[in-house]
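Asker: Here you go, one structure.
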Amino acid sequence: MSFREFNQSTDIATQLSVVNEVIPLTGAFFSGTDFYTKTYINITSGSAVSGGFWQTVFDGAPTSISSSALVDFTYGHSSASLLQGYSETFENSEKQRVYQQMATLLLGSKNSIFSFNSVNYYELFFVLLKRRIYKDEIKKGNTTIIVRVSGTGAGALADTLTLTDNGAASAFTVGPSGDEAPLFSGSTQVGRVYYNAGIIAFATGVFLAPTATNSVHWSGSAGMLNTVPVTGNLDSIVYGLRQHIVNDGIQFLNQTNLHSTTYFCRALNSDFNYSTNPTFVDSDGRILPTSGTDNQSRTYPTKIGLYDINDNVLAVASLSEPVKKSPDSEIVTRVRLSFGFALAVLGSMFVASLFNAGLFIG
């Protein structure tokens with residue numbers, strides 16, 4: 001069996017390609033009844049119960065075996081928030097825990113404060129997309145959230161704000177949770193998109209400018225938030241947010257990253273001209289020419305195998321037809337391995353090692 005090592009600098013090349021899908025999450029999933037929404041119970045002390053720490057929106061009834069979770073909604077404020085000082089604040093510690101959890105995940109420390117454009121934000125909504133819909137990451141520059149400033153329901157687009165991550169494809173930075181970029185309302189930064197984590201955070205003040213006495217103030221009719229971050233539990237806050245999301249109110253492109261490695265398998269004139277098959281030699285151990293009158297040996301590879309550094313076979317592929325190899329010929333072929341996908345064979349192949357071994361032929 002012949003063997004040849006790869007040259008790590010010339011025989012191996014890597015490439016990244018992406019696949020994107022448009023994902024519109026319609027307002028029908030968020031507003032109206034709670035048909036699509038699952039709420040949770042949180043035991044605050046003893047036997048006392050209250051709303052949970054978040055709500056999950058499904059693409060069908062949460063109790064249905066055929067429905068899938070799409071997104072989680074929650075709210076949190078920092079211990080530095082003016083809201084936590086109000087005596088009527090409900091579930092204050094739970095709201096702080098949410099803020100600290102998101103700070104740990106996205107900023108690297110539970111004591112960190114979210115800051116957009118050098119402005120600290122102590123009260124935030126968090127939209128946590130499920131991995132099944134955002135895949136490897138959210139595509140940069142294509143995220144839109146349309147929210148209603150006043151009124152309820154998911155109807156016409158009057159009196160709305162559009163939040164986008166315009167320019168993120170070239171302006172993103174890398175933080176503790178991976179790639180991130182600003183979320184804008186017009187030219188004002190009001191939040192941030194954390195692409196690898198699948199999380200969108202934005203300030204509560206995007207709906208109405210803060211007042212002197214309440215930095216999270218909502219106005220409107222029944223079903224709307226009205227200083228609920230002070231007086232309500234997390235369920236009532238999230239319900240108010242869902243009521244403000246209009247039709248197709250959350251849109252983004254997911255992204256699947258395809259990492260491919262191409263192996264250039266070089267069979268030089270002196271390589272792979274022999275076989276371990278016992279029929280390749282006669283009874284005296286002499287190599288038998290396979291054809292012709294020049295006494296040259298010829299081999300006809302039919303398979304390609306991938307081996308690790310310890311010569312353990314990882315994959316085997318069959319060629320569409322045998323390829324002739326002799327001492328007066330050289331062949332360069334390519335193997336492309338796409339992670340998460342089947343082995344793609346380009347042209348004729350030999351047995352190739354993935355790491356530091358080489359090529360085999362049998």
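The values are calculated or read from the model by the stated rules, or taken from the named source; none is laboratory data. Note that the coordinates shown come from a computational prediction; the quantities given were computed from them, not determined experimentally. Positions of Cβ are generated from backbone atoms using ideal geometry, with glycine treated the same way; all protein chains shown enter the neighbour counts.
Asker: Whether any residue in region 117-140 is more than 24 Å from LEU16 (Cβ to Cβ), in contact with a helix residue (DSSP H, G or I) (Cβ under 7 Å, 6 or more places away or on another chain), in the same structural domain as VAL71 (by TED's automatic domain parsing) and free of Cβ contacts under 8 Å to residues at least 60 places away in the same chain is what I want to check.
Answerer: No; the residues of region 117-140 include none that is more than 24 Å from LEU16 (Cβ to Cβ), in contact with a helix residue (DSSP H, G or I) (Cβ under 7 Å, 6 or more places away or on another chain), in the same structural domain as VAL71 (by TED's automatic domain parsing) and free of Cβ contacts under 8 Å to residues at least 60 places away in the same chain.
Asker: Please specify each residue of region 294-329 satisfying the condition of being of a type in the set (Ser, Thr, Tyr) and in contact with a Pro (Cβ under 8 Å, 6 or more places away or on another chain). First the steps, then the outcome.
Answerer: Keep residues of region 294-329 that are of a type in the set (Ser, Thr, Tyr), which gives 297, 299-300, 302, 307, 318, 320, 326, 329.
Correct list: SER297, TYR300, THR302.
Asker: Restricting attention to region 105-132, which residues are hydrophobic (A, V, I, L, M, F, W, C) and at pLDDT 95 or above?
Answerer: Restricting attention to region 105-132, the residues satisfying the condition of being hydrophobic (A, V, I, L, M, F, W, C) are 105-107, 113-114, 116, 119, 124-129.
Listed by number, the residues that qualify are LEU105, LEU106, LEU107, ILE113, PHE114, PHE126, VAL127, LEU128, LEU129.
Asker: Can you tell which of THR231, THR213, THR188, THR227 is under 30 Å from the mean Cα position of the chain (by Cα) and either among the β-branched types (Val, Ile, Thr) or modelled with pLDDT of 70 or more (or both)? Lay out the reasoning, then the answer.
Answerer: Values: THR231 fails: under 30 Å from the mean Cα position of the chain (by Cα); THR213 fails: under 30 Å from the mean Cα position of the chain (by Cα); THR227 fails: under 30 Å from the mean Cα position of the chain (by Cα).
It is THR188.
Asker: Another one. Checking MET102 against (1) modelled with pLDDT of 75 or more; (2) touching a Gly at 6+ places or on another chain (Cβ under 9 Å); (3) over 25 Å from SER236 (Cα atoms), which test does it fail?
Answerer: All conditions pass for MET102, except number (3).
Asker: Here is a check on your reading of the model: is VAL18 among the aliphatic types (A, V, I, L, M), within 23 Å of VAL57 (Cα to Cα), at pLDDT 75 or above and part of a strand (DSSP E or B)?
Answerer: Taking the combined requirement at face value, the residue does not satisfy it.
Asker: Another question about this same structure. So ASP294 clears everything in (1) within 33 Å of the chain's Cα centre (by Cα); (2) at pLDDT below 75 except one condition, right? Which one?
Answerer: (1)
Asker: A further question on this structure: Testing GLU5 on (1) farther than 23 Å from ASN233 by Cβ; (2) modelled with pLDDT of 80 or more, one condition comes back false. Which one is that?
Answerer: Unmet condition: (2).
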